[in-house]
Structures are given as structure tokens and as C-alpha cells.
Amino acid sequence: MGKRSSWALPYAIFLILFVAVPLLLVVLYSFQDASGRFTFANITKFFTDKDALSTFALSIEVAIENTALCILIGYPAAYILADKQLNRSAVTVVLFILPMWVNALMRTLATAELFTMAGIQLGKGTLLFGMCYDYLPFMIYPIYNTLAKMDRSYAEAAADLGAGPFTVFRKVTLPLSMPGIASGVLMVFMPTVSTFAISEFLTNNKIKLFGTIIQENINNSMWNYGAALSLIMLIIIGLTSFLGKKDEAGVQGGAV
Amino acid sequence: MTEHIIDIKHLSKSFSGKQVLSDINLYIRRGEFVTLLGPSGCGKTTMLRMIAGFLNPDEGDITLEGNSLIGVPPHERPLNTVFQRYALFPHLDVYDNIAFGLKLQKIPSEEIDKRVRKVLKLVSMSDYEDRDVDTLSGGQQQRIAIARAIVNRPKVLLLDEPLAALDLKMRKDMQIELKEMHRQLGITFIYVTHDQEEALTLSDTIVVMNDGRIQQIGTPMDIYNEPVNAFVADFIGESNILAGQMVRDRRVAFIQHEFDCVDEGFGEDVPVDVVVRPEDIYFTTDPAKCQFKAKVNSCTFKGVHYEMFVDTDTGYELMIQDYDPYPVGSEVMLYIDPDDIQVMKKERMANVYEGEVTGEGKVEFLGTEFECPTDGFSSGDKVRVTVRFEKVDLLDHVEEAATTGHVEFILYMGNHYHLTVRTKSGEKIWVDTNDVWDKNDYVGINILPEDILLEKVEEDGQEV
Amino acid sequence: MAKKIFAKLYIALILVVLYAPIVFIAVFSFTEAKSLGNWTGFSFSLYKSLFTGGMQNSSGLISAVNNTLLIALVASAIATVLGTVAAIGIFNMKGRSKQAIQFLNNIPMINPDIITGVSLFLLFVFLHISQGYLTVILAHVTFCTPYVVLNVLPKLHQMNPNIYEAALDLGATPMQALRKVLVPVLRPGMISGFILSFTMSLDDFAVTFFTRGTIGLDTLSTFIYTDARKGGLTPELKPLMTIIFLIILVVLLAMNLKKTKNQNE
């Protein structure tokens, strides 16, 4: 197709301007004080600020717990949905993604309201439940996608070679669905670490997560400290996606 | 039939340094069915794509009816292509696929209608106008692809392995239909295939290609009966290819027997290659007719004939096809008619490379350094390096080898294999061996020091 | 058999939990009470006031809905064109530059919204661009386009590479070949890219929050957030959400039933 490669040029410029440069600015602002001079103060401030550190630790903890919860609940659901003998209707799958189209904040508010009505104290428990509720579809869908696309003959070959149903699952199905789990983790873990509105609603502002601190700093014009906190989150994201060996198949599966 | 419609002159093309076509010269007569035949990677598709205009040659010229096509974009060339995997437009139905080119030419719709119907009839797909193309079988898609091309009345129809994706039965039927279409339409067909049988069935003229070069141009009969070299003989049909020696005119020796033949002009005691087709070796019970004896070591029924491998009394293995089977283990008497022995000039006698002495006992060629006796040479001397085919060792263990390569081509010569190996420096080394290798095997290459023969070459390339 | 019943129960249980808050909103949209969870008898009055504009904050809510739709429409349209052209370019690229652009393309998808929001906020501050509709739309284009690219690229890979050449061969100029062959073949990918962009944009909160500036620009998400932070939710949000949910439910079910029907034929 000849010189079609130049067609990517406008988007390349767009990506540099609106993705690469902004991220560099996050780094730049992290190492500047309010008057634009170079400083490490923002970074040291974080590492000496007990509140910020404990919030950070709590965010990671909540994110890990939420991700684990989503896998535990979501994997069996995805497995059932992908199994042609257990589920023959594509509509069931649609039912799982449909709530995502209703405004997340509104759903979260309603969840919080339901807890209040049931007389459940808003706190870490409701936070975890609410987060799991919000992000479960993001875990189910990529896992469902890899499982549904998986060639059944692998499992049949394993069974043929003498593996029992549990062994087939443990030695074949589970390893082969790892890419789906990996992209599910990517789609659940990151947003959980960074969420702010959802955690505020679900705990009635009692528990602050890392996202909230970033938001507060930016909104109170503490851009440099806000940028430094963002940078720390960026590093966490970089590490997770590196460890998670980001698999595009699952992310693509996020399409309608 | 003598008028040239396409002339190709000194056509060359390379992709990122690799020469795909070298100095191709070819003319195509109006109305001819020409087939470009060769293994994958021989450059045949590249050549077709240059005629169609999807690629530009590095050098050379392609003319259509005397006018150069160089620089003319594909949509302005009065040629149409039938693509390998059909390339029908998936969003259009059968009718709109065929009408695509006509609509672009702004032909009135009644005329389009008429021509589409006519061409659908020609490919026997009359009732399929409204069908979606992805509901059609491979064979039907192929017919539509042909219809879509010929409806534009191209001066030349280019076909890029159009039958490759079909199953055997379908392919045979389509061959007959293509031949019939060619007769009816009178359009020049240029057909690319790697299937020698297809080429023999369809073509008026076959152009056998290998390694970016034309090996032989001729009618199917010429190519089959008188292959010009071992490659063509091996590629077209089954054959016994054997090393031989021209004793004198009309007398050739191979498999350690002497035979009468019809070839002349090679000189006396000249090494040659000999081709004998397996159907041209005859069994006899008459000791007077017997030219040599052999023992049958396998016999397989192939539908019409039996295919037998025999070991001659002199230790060569030959393939024979006959309508009657002979039991395995039986001693048989055989003869070959002089007419059926095809003698070819030997293309090469040994591996010859330009090299350089790099130090005491060291010479560099094939992009690496070999040990060899360098008495009488000094460092920096340019030398001609000669290595006999049977002196090259191929190894499984590439770590222990002087250099490595991939097996590119295998020729069975009756009692040994003659391999073409592409070294990692991109050069070729020919190897005679009794070991069995497969095509594309990755091999180590070693040569013993005493098997590397050096000759001094002057700077200007003259031997001393 | 027991396995099947268990599986069905499990799925049903998750679905009940997933839909509980939505049903909850829907149920309480039919009562007059201002706050959620407070039932004061069946009534259509919230629906009435939503459509007649008889509520305190009516202009705010309606303009938030309009903004949300407008921004989503414009941003996903731009993203679809930009992303499709980019995908064709990327498909024809080789080597390092291809890897680089694909890497950059992945970043907005992997980055949490808050990072995208904060980094773009810093960009606009840095460039002294006053924030409003333009910056929100640019920001939405930033996180939507990668999804278009990702939906169009597979279509290019699946496409028979000879199709474009076939069009040229049949007499189409490169522009005609693009319009008559390439775009129609890529259309399914472009449509799913557009739909995905549209929904991502509709649902976005964090990126809008950081890039909307201080001119009082609200989308539905930021409206709800501000509203909830102030303490009392605008009650008409309940009927609005119920209506939106019903529309989506009908559209999605219809689409899937049609798809299932087509597959069965």
C-alpha cells in the first residue's frame, strides 16, 4: 500500500502532544517548587508524610484485596459463561456488561444508600464490596473472552492423556486463561488504586484513598505535590503492567 | 500469433539487498497462454506484480504493445489480475463485485447489466448475482474473481496461483474450464503457478524460473522431454537424474554402463548430467535387448501405473514406472531407448570461490576463515578456492562448524544426493553426500584443510 | 445436572447483586421523596418535574445531560476518524517506529483516569490554554482514540491484503479504492470503536473533572459528584437514570437478539 505509513503521522503528533508531553510534565512538575525551581522537596514530602504514606499503603492493600476478590468471584462466573453446556445464551453475557452503561457514580451512590438502608456501617467492608461490585465486569469480560476463544481440543487432549477434570482445569485451562486474568488484573487493579469519587461515596468520606489525595492537592492548587503523587502512582502502574505482562488480546476483548 | 503483446527487457528487482529477479528477458505473444513456473521464492509472483503495476522494477522495461508501462499506475493499465486468494470485496455482492470496474469506467447501467450477465454465464454462475461473496464455495469465489477481471476486457489477464486454494478435484475441473475460457476469449493469459502438472496441462508456453532467473522457455513438450538442466528435469515431472560421461557423439556412459543416445556435439570424455524419465526405462525378458540388470526393492501401486525402485547391478537406485508390477526382490533386465536419454551439459564441476590468504595456513572465503595449507602463498594473496562437491562436510552440530547454512535444494543422483546449500554469507555451496537431509535443514559446514585447493589470482583477476 | 443448577444459581446471584442498585434507583424513582430509600407512596411526580423542568436545579441537570451527549458525540466522531486513519498508517509501518506508536497508543488505556486527567490538566496549565469544552473534548479524544485503533487494526489484519490492489487493478484510483473498498471493509471496526468511545466518554468522570476548568461546565458525572458532595442528590436524577437504563437495555437486547437470529439463519 505504498506510502500509507505516513497516515499515522497526525496521530503520532497527537500522541506526543497529548500523551507523552503531559506525562513528561508530570515528571517536570514533580521536581519543581511553586516558583518553578528544581527541587526534591515534593518527593521527600511524600516519604515523610505519615498520612500520605498510610493512605498509599491502604490504597495498595484495598486494590490487592479488591483484585483478588474480583478474580475469586469473577473467574467461576466467566468459566460458566464460556462453557457452552452451562450457558447457551449470549444475552447472559450482555447482562453482565450492561450495568457498566449506567453512570458509575450514580450506581455507587445507590449502593451506599442500600447499605445505609440495611443499617450497615459505611467503612472498609462496604468500600471493598462496592469496589468489587463496580469492577467485577472488568474482570469477568477478559477472562470470559480468553476462555470462550480457547480451543476445546486442549482440554480434550489432556483428558485423553488421562487427566481428571480437576487436573485438566489446573494444568490446562487455568494456565491458558492466564492472559485473560492478566488483563483483568490490569483493568481492575489500576483503577482501584486511583479511584477517588467512588471511595468517598462508599465510606462517606471516612476512608481516603490515594486518588483522593491527588485530587485534593490538584484542586487546592498544590500542583507540584499533586504531580509528585501522580508520578509515584505512575511508577506503581509501570511496575504492575510490567509484571502483568500486559496482554492486548484481553484489552481488545473489552470492545462491544 | 507472432505479434508480441508484452516485452520484458533486462528486468531486475531486489528487496532489501536480496536479488529477486536478475536480468529477465521475455516476450509474450498476443493470445498466448504463458505460465511462469517455479518453486516459491523464485521471483514469478514478483514478476507478475510488476506487470500488474503493484511493484516497480529496479532496472529494465516492460512494454505493452510497444508502450512502456514503467511509471503507469495499476489503475491505468489495461490489464486485470485474478488474485491468489480471490480478493473479492466482502462488502459487495456478486453482481457489484463484477460491476466494480465497469462502474468506475462510467459505463451506462444497461450495458453493465448486459456484460455482467454475459460473463456470469461464461463462468457458469448465472443465478448467483445477488449472493454475498462469503456464502460462496472456494471454486465459486474463484469463478467470480475471474469474471470480475475479464468483464473489463483486459488486453492481458494475469492469474496469480488462482487454483492453489482449491482441492484437487476442483482444481482439475477448473483447469479445463480455464483452458476453455482462454480459447473462447482469445485474451492473453499470464499464469503463475508452482504446480508443474498444472503448467503442463494449461500452457502454450512455460517459463521455468528459479532463483530469480529464467531456466528454460518452451512448450510443455519441450520442457518435459528436453529439460536444459538438472533443476528443470527435477522440477518438471519425475526423473532419474544421473552423473554421466559423454564417450563420443551418440554414446554416453552412466550407472557404469554405456548407452546409445541421440545427442551430439559435447566432445569426447566430457562429464555430463543425464535425465531418464521413469516411464522410459523398460523391462525385457530378452537377454539380447537387456542393457543392464537390477533388483526390484519396492513396488507401489499408483492408480494407473506401478512405481518401482530398483537397485542396478552397479549400485545405483532408479525409479521406474510401468503398467505391470514386478515382485520385490526379483532380478529384472532393463533397457532404455536412445531417444529417451536426455543429455545435459554439466552446470558446474566444483565449488569455486574468490578468496584471500589471511595468514599462515589460513584462507578466507564464504565470509569466514578456513584452515588450509598455504605453501607458496603469502598473506594478502588473492586466490581462487576450489572445493570438490564430495569434500564438503555437513554437520548437525552447528557449533563445531566453520560456517552454517540452510539446505535449499536437493537432487537425488541415483547413488548420492547433490545438495544446494545457502551459506549464511548468502553464497551457495554444492555438496555431494550420502546422508539424508531435508529441505530448509539448518546445517554446519566444514571443509578439511587438505580439500581446499588454492590457485593464485592476479589483482586484475587473471590466473598466473 | 447438579453442576448446571449450581452454575445457574451462581450466575443469578451475581446478577441480582449487580442489578440491585439499579433496581433500587428505578423503584425509588416512582415516589416523591427527595432522598433515596425513602418511600412516600407511588407517584410519577419526579418524572413530571424532570420533563417539565419544575425542579430547583433543572437547568443544571438538563445542560449536564446535553453537555455529556455533545462531548461524547464530538469526541468519539473525532476519535473514529483519527483512529482509523492512524490504524491504516500503523498497519503499514514497520520496525521501531511502529512499536513506538503502539506503545504510546497503549498508554491512555493502561493509565488510570486520574493520571490521564492530571497530566492533561498540567499540559493545559503549562500551555496557558483556558479550560472548557475544547479541553474536555481533546481529553476525551485522547483516551478514546486508542480504542478505535485497537478495533480497526484487527480488521486490517483480517483483510485480504490483495483487496486494495484488486480495486486499483480494476481501475480505481487510490482515493476511490480507499472510499469504495477500504472504508467499507473497515466499517465494522470503526463502528465498534465509535460505540466504545461513546460509552467511555459518557461514563467518564475523572478526566472531565480535571480538564473542565472553572467555567462551570458540567457533565452528568461531574454534576452528580458535585451534587452528592453538597449532600442532597437532585431527585430527578432517579427517573433520568431509570430512563437511560431502559433505553440501553432495549437497544442492547435488540442488537443481541438480532445477532443471535442472524447466526441461527
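The values are calculated or read from the model by the stated rules, or taken from the named source; none is laboratory data. Keep in mind it's a predicted model, so treat the numbers as computed, not measured. Counting neighbours? That spans all protein chains shown, and the Cβs are built from the backbone with ideal geometry, glycine included.
For the range C:148-175, what are the residues that are without any contact (Cβ under 8 Å) to a residue 12 or more places away in the chain and under 25 Å from C:S76 (Cα atoms)?
Answer for the range C:148-175, where residues must be without any contact (Cβ under 8 Å) to a residue 12 or more places away in the chain and under 25 Å from C:S76 (Cα atoms): C:Q158, C:M175.
If you scan the range A:102-116, which residues turn out to be touching a residue at least 60 places away in the same chain (Cβ under 8 Å) and either facing chain C (nearest Cβ under 7 Å) or not in a helix (DSSP H, G or I) (or both)?
Matches in the range A:102-116: A:A104, A:L105, A:L109, A:T111.
Kindly indicate whether any position in the range B:379-391 is part of a loop (DSSP other than H, G, I, E, B), touching a helix residue (DSSP H, G or I) at 6+ places or on another chain (Cβ under 9 Å) and touching a residue at least 24 places away in the same chain (Cβ under 8 Å).
The first filter runs over the range B:379-391 and keeps only residues part of a loop (DSSP other than H, G, I, E, B), leaving B:379-381, B:388.
Still in the list and also touching a helix residue (DSSP H, G or I) at 6+ places or on another chain (Cβ under 9 Å): B:388.
From what's left, touching a residue at least 24 places away in the same chain (Cβ under 8 Å): B:388.
Among the residues of the range B:379-391, at least one is part of a loop (DSSP other than H, G, I, E, B), touching a helix residue (DSSP H, G or I) at 6+ places or on another chain (Cβ under 9 Å) and touching a residue at least 24 places away in the same chain (Cβ under 8 Å), which makes the answer yes.
In the range C:210-224, what count of residues is obtained for those that are at the interface with chain A (Cβ under 8 Å from one of its Cβ atoms) and surrounded by fewer than 24 Cβ atoms within 10 Å (Cβ to Cβ)?
1
In this structure, does C:V17 turn out to be within 14 Å of chain A (Cβ to nearest Cβ) and part of a helix (DSSP H, G or I)?
Yes.
Just need a number here: residues in the range B:38-83 that are part of a helix (DSSP H, G or I) and more than 28 Å from B:I236 (Cα to Cα).
3
Look through A:F189, A:F169 and report the one residue that is out of contact with any helix residue (DSSP H, G or I) (no Cβ under 8 Å at 6 or more places or on another chain) and in a helix (DSSP H, G or I).
Unique residue meeting the criteria: A:F169.
Regarding the range A:180-190, can at least one residue be identified that is more than 30 Å from A:I213 (Cα to Cα) and in contact (Cβ under 8 Å) with a residue 40 or more places away in the chain?
Within the range A:180-190, the first condition is being more than 30 Å from A:I213 (Cα to Cα), and the residues that meet it are A:180.
Still in the running and in contact (Cβ under 8 Å) with a residue 40 or more places away in the chain: A:180.
Looking through the range A:180-190, at least one residue is more than 30 Å from A:I213 (Cα to Cα) and in contact (Cβ under 8 Å) with a residue 40 or more places away in the chain.
Within the group B:L120, B:L102, which residue is crowded, with 19+ Cβ neighbours inside 10 Å, among the hydrophobic types (A, V, I, L, M, F, W, C), part of a helix (DSSP H, G or I) and away from chain C (no Cβ under 14 Å)?
Of B:L120, B:L102, the one residue that is crowded, with 19+ Cβ neighbours inside 10 Å, among the hydrophobic types (A, V, I, L, M, F, W, C), part of a helix (DSSP H, G or I) and away from chain C (no Cβ under 14 Å) is B:L120.
For the range B:54-89, which positions are touching a strand residue (DSSP E or B) at 6+ places or on another chain (Cβ under 8 Å) and either within 8 Å of chain C (Cβ to nearest Cβ) or basic (K, R) (or both)?
Of everything in the range B:54-89, those that are touching a strand residue (DSSP E or B) at 6+ places or on another chain (Cβ under 8 Å) and either within 8 Å of chain C (Cβ to nearest Cβ) or basic (K, R) (or both) turn out to be B:R77, B:L79, B:N80, B:T81, B:F83, B:Q84.
Among what's in the range B:185-230 and is within 21 Å of B:T46 (Cβ to Cβ) and of a type in the set (S, T, Y), pick the residue that is farthest from the chain's Cα centre (by Cα).
Only one residue tops the list, namely B:T188.
What residue, of C:L202, C:L217, C:L196, C:L168, is within 30 Å of B:R85 (Cα to Cα) and touching a helix residue (DSSP H, G or I) at 6+ places or on another chain (Cβ under 8 Å)? So that I can check it myself, show each step before the final result.
Details: C:L202 fails: within 30 Å of B:R85 (Cα to Cα); C:L217 fails: within 30 Å of B:R85 (Cα to Cα); C:L196 fails: within 30 Å of B:R85 (Cα to Cα).
Step by step, each of C:L202, C:L217, C:L196, C:L168 is checked, and only C:L168 is within 30 Å of B:R85 (Cα to Cα) and touching a helix residue (DSSP H, G or I) at 6+ places or on another chain (Cβ under 8 Å).
Could you please find all residues in the range A:117-134 being part of a loop (DSSP other than H, G, I, E, B), of a type in the set (G, A, S) and more than 13 Å from chain C (Cβ to nearest Cβ)?
The answer is A:G123, and nothing else.
Out of curiosity, is A:P137 at pLDDT 85 or above, assigned to a helix (DSSP H, G or I), surrounded by fewer than 19 Cβ atoms within 10 Å (Cβ to Cβ) and at the interface with chain C (Cβ under 8 Å from one of its Cβ atoms)?
Judged against the criteria, A:P137 is not a match.
Scan the range C:218-236 for residues that are closer than 17 Å to C:D204 by Cα and of a type outside the set (G, A, S) and jot them down.
C:D218, C:T219, C:L220, C:T222, C:F223, C:I224, C:Y225, C:T226, C:D227
What helices (runs of 4 or more DSSP H) completely inside the range A:1-57 contain at least 1 residues that are at the interface with chain C (Cβ under 8 Å from one of its Cβ atoms) and exposed (fewer than 15 other Cβ atoms within 10 Å of the Cβ)?
Output list reads A:9-15.
Which condition number does C:K180 fail, the rest of (1) more than 7 Å from every other protein chain (Cβ to nearest Cβ); (2) in contact (Cβ under 8 Å) with a residue 40 or more places away in the chain; (3) out of contact with any Ser or Thr (no Cβ under 7 Å at 6 or more places or on another chain); (4) assigned to a helix (DSSP H, G or I) being met?
(2)
Suppose we filter A:A63, A:A90, A:A78 for residues that are within 11 Å of chain C (Cβ to nearest Cβ), closer than 19 Å to A:I181 by Cα and touching a Ser or Thr at 6+ places or on another chain (Cβ under 7 Å); which single one remains?
Going through A:A63, A:A90, A:A78 in turn, just one is within 11 Å of chain C (Cβ to nearest Cβ), closer than 19 Å to A:I181 by Cα and touching a Ser or Thr at 6+ places or on another chain (Cβ under 7 Å): A:A63.
Looking at the range C:120-173 only, could you name the residues that are hydroxyl-bearing (S, T, Y) and either in contact with a Lys or Arg (Cβ under 7 Å, 6 or more places away or on another chain) or not in a helix (DSSP H, G or I) (or both)?
C:S130, C:T173
Going residue by residue through the range C:188-204, is there one that turns out to be within 14 Å of the chain's Cα centre (by Cα), away from chain B (no Cβ under 13 Å) and not in a helix (DSSP H, G or I)?
yes
Go through the range B:179-208 residue by residue and tally those that are farther than 14 Å from B:I28 by Cβ and hydrophobic (A, V, I, L, M, F, W, C).
Summing the residues that are farther than 14 Å from B:I28 by Cβ and hydrophobic (A, V, I, L, M, F, W, C) in the range B:179-208 gives 6.
Examine the range B:326-336 for a residue that is surrounded by 14 or more Cβ atoms within 10 Å (Cβ to Cβ) and under 24 Å from the mean Cα position of the chain (by Cα), and state whether such a residue exists.
Scanning the range B:326-336 turns up no residue that is surrounded by 14 or more Cβ atoms within 10 Å (Cβ to Cβ) and under 24 Å from the mean Cα position of the chain (by Cα).
Considering every residue within the range B:337-345, establish whether at least one is in a loop (DSSP other than H, G, I, E, B), over 30 Å from B:L453 (Cβ atoms) and not assigned by TED's automatic domain parsing to the domain that holds B:D451.
Checked against the condition, which is being in a loop (DSSP other than H, G, I, E, B), over 30 Å from B:L453 (Cβ atoms) and not assigned by TED's automatic domain parsing to the domain that holds B:D451, the range B:337-345 yields at least one hit.
Are there any strands (runs of 3 or more DSSP E) wholly within the range B:144-250 with 1 or more residues that are outside the structural domain of B:I24 (by TED's automatic domain parsing) and either surrounded by 19 or more Cβ atoms within 10 Å (Cβ to Cβ) or out of contact with any strand residue (DSSP E or B) (no Cβ under 7 Å at 6 or more places or on another chain) (or both), and if so which? Let's see the steps before the verdict.
Working: elements: B:156-160, B:188-193, B:205-210, B:213-218, B:240-248.
In the range B:144-250, B:240-248 are the strands (runs of 3 or more DSSP E) which contain 1 or more residues that are outside the structural domain of B:I24 (by TED's automatic domain parsing) and either surrounded by 19 or more Cβ atoms within 10 Å (Cβ to Cβ) or out of contact with any strand residue (DSSP E or B) (no Cβ under 7 Å at 6 or more places or on another chain) (or both).
Name every residue in the range C:83-96 that is facing chain A (nearest Cβ under 8 Å) and farther than 13 Å from C:L150 by Cβ, in order of residue number.
Answer for the range C:83-96, where residues must be facing chain A (nearest Cβ under 8 Å) and farther than 13 Å from C:L150 by Cβ: C:V85, C:I88, C:G89, C:N92, C:M93, C:K94.
Which of the numbered conditions does B:G355 fail, given that it passes all the others? Conditions: (1) crowded, with 18+ Cβ neighbours inside 10 Å; (2) touching a Lys or Arg at 6+ places or on another chain (Cβ under 8 Å); (3) within 24 Å of B:L411 (Cβ to Cβ).
(3)
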